[in-house]
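In what follows, a single structure is set out as structure tokens and then discussed.
Nothing in this text is a laboratory measurement; each read-out follows from the coordinates by a stated rule. Just so you know, these numbers come straight off a predicted model, no measurement behind them. Backbone-built Cβ (ideal geometry, glycine too); neighbour counts: all protein chains shown.
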Amino acid sequence: MDSNDLKQLSGHLEDLGLLTTVDEPAMRLIVTNPLNSRLSEEILVIGDRYVTGFDHEVGAQGAERTCADRISRILAVNRTPGAAR
């Protein structure tokens, strides 16, 4: 897995209305609910898996859209992709 996969996940999360910060050297993504900044999650790349900072696996490389949906539920975002902002 490389930083392009992480950026793809970031893009899907942003499409769902979340804020993201990509840390390429650390292969880490910080995801935040824009309505409540205390609702945030650190997503790490471990091998070919995306894992939260609490060691909860949210998916694998190639399933970035599904991973984004799972992360959005963790952060209490109930939006459909493409919905008006």
Item to complete: Could you tell me which residue of segment 59-78 is surrounded by the most Cβ atoms within 10 Å (Cβ to Cβ), considering only residues that are touching a helix residue (DSSP H, G or I) at 6+ places or on another chain (Cβ under 6 Å) and small (G, A, S)?
Response: A68
Worksheet item: Tell me, which residue of segment 33-46 that is surrounded by 15 or more Cβ atoms within 10 Å (Cβ to Cβ) and over 9 Å from the mean Cα position of the chain (by Cα) is nearest to M1 (Cα to Cα)?
Response: V45
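Identify the residue in segment 4-32 that is among the β-branched types (V, I, T) and under 13 Å from A76 (Cα atoms) and, among all such residues, is surrounded by the most Cβ atoms within 10 Å (Cβ to Cβ).
Kept after step one, since they are among the β-branched types (V, I, T), are these residues of segment 4-32: 20-22, 30-32.
After this cut, where a residue has to be under 13 Å from A76 (Cα atoms) as well, the list is 31-32.
Values: V31: 25, T32: 17.
Taking the candidates together, the pick is V31.
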